[in-house]
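The values are calculated or read from the model by the stated rules, or taken from the named source; none is laboratory data. Worth saying up front: this structure is predicted, and the values here are computed from it rather than measured. Cβ atoms come from the backbone with ideal geometry, glycine included; neighbour counts cover every protein chain shown. Accessible surface areas use protein heavy atoms only, side chains included; no ligands, DNA or RNA. Shrake-Rupley method; radii C 1.70, N 1.55, O 1.52, S 1.80 Å.
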Amino acid sequence: MIKDVIIHYMKPCNPLTRVPPTIRPSVPALYAPTPQAAKRFIEYFAAHIRNLNTRRAYFRAVLDFSSWCEAQGLTDIIDIEPLHVAAYIELLGARLSKPTVKQALAAMRMLFDWLVVGGVITANPAAPVRGPKHTVRKGKTPVLTQEEARALLDSIDASTPIGLRDRALIATMIYTFGRVGAVISMRVEDFYSQGRRSWLRLHEKGGKRHEMPCSHVLDRILEAYLSTATPGDRKSFLFRSVRGRSGKLTTKPMAQADVYRMVRRRALAAGIRTRIGNHTFRATGITQYLRNGGRRELAQQMAAHESPRTTALYDRRDDEVAVSEVERIVL
């Protein structure tokens, strides 16, 4: 539905008539008491939220809230009060995790703020509602050991274009601390030489451009991939999808879901039982860097984190200490 409402229905204005596209009835009735309200609702997601993942999550959250309101007989947004929002958040807290509940409340607050500014409603009913307290001191992302990471890379068959691509993609996420979204959006021109060293240019969240020098290991892996599997066009995507079972790479970039399936398949083939995901390699790279004497403030800079507390969540060196210490419990 998000694709239909936001992408399909928010087509550019007609350059001749300058008339905006008609607002379709796919907008939930709660947010569309008037055409102006419906338009404002769509503009919030199409123009105000630029990150696609955030847009998708917030859209789902406000749709779930509208479904709940309709079940309670609330069909007009002007009838929503803080008590209704509080009751809904209380209901979510009984079956969802605290971060998910906080995200849903944030989605509603931001949407209602946007509607207040647009004159659709006079006050934000979610503003006085408090979400659950949630403090995170340690990340939950699974991390590979040095031996597991090396075994994973070595297990990939580098005699095929797909194998070269998969090995280069995983190595890039490890050695650059890059998010999967930033890595798969890179183009060939984002791998370049400067000062006798190869560099990678990653386009991170918030439009930030982040540049990282390549280690000699990553440089060798990328050069092997580029020499056989990448077209000459510097504007083409660096990590491209595969056309069916043909084994041939297309011109389209890989999706995050494609990367996840590839990672799970490669981990299983390498004998890794840990249920890893795309974010595992970012955490693995940071942890191994710190374990080998790296400084946390530099890790923050290399990972393009705004806060050192975020970097600390990826520092999993204490995991090994805990594992070794429990062996002292002898009966």
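One table, with the values for the structure above:
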item	result
Residue satisfying all of: in region 32-50; at pLDDT below 90 and within 19 Å of residue 103 (Cβ to Cβ); surrounded by the most Cβ atoms within 10 Å (Cβ to Cβ) among these	49
Given (1) farther than 30 Å from residue 37 by Cβ; (2) open to solvent by 30 Å² or more (accessible area, probe 1.4 Å); (3) touching a residue at least 24 places away in the same chain (Cβ under 8 Å); (4) not aromatic (Phe, Trp, Tyr), number of the condition residue 132 does not satisfy	(1)
Close pairs from region 175-191: first in contact (Cβ under 8 Å) with a residue 40 or more places away in the chain, partner of a type in the set (Val, Ile, Thr) and open to solvent by less than 40 Å² (accessible area, probe 1.4 Å), Cβ under 7 Å, at least 6 apart	175/217; 177/286; 178/172; 180/259; 183/172; 184/259; 188/230
Residue 257 being over 23 Å from the mean Cα position of the chain (by Cα) and of a type outside the set (Lys, Arg)	no
The one condition in (1) surrounded by 13 or more Cβ atoms within 10 Å (Cβ to Cβ); (2) within 26 Å of the chain's Cα centre (by Cα); (3) among the polar types (S, T, N, Q) that residue 53 fails to fulfil	(1)
Number of the exception - residue 110 against (1) assigned to a loop (DSSP other than H, G, I, E, B); (2) open to solvent by 60 Å² or more (accessible area, probe 1.4 Å)	(1)
Elements of type helices (runs of 4 or more DSSP H) in region 138-234, at least 1 residues being at pLDDT below 90, out of contact with any Gly (no Cβ under 6 Å at 6 or more places or on another chain) and open to solvent by less than 30 Å² (accessible area, probe 1.4 Å)	216-229
Matching option when the condition is within 27 Å of residue 299 (Cα to Cα), under 26 Å from the mean Cα position of the chain (by Cα) and touching a residue at least 60 places away in the same chain (Cβ under 8 Å), among 211, 204	204
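Residue-wise test of (1) open to solvent by 80 Å² or more (accessible area, probe 1.4 Å); (2) in a helix (DSSP H, G or I).
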| residue | (1), (2) |
| --- | --- |
| 63 | no, yes |
| 67 | no, yes |
| 73 | no, no |
| 83 | yes, yes |
| 88 | no, yes |
| 92 | no, yes |
| 95 | yes, no |
| 100 | no, yes |
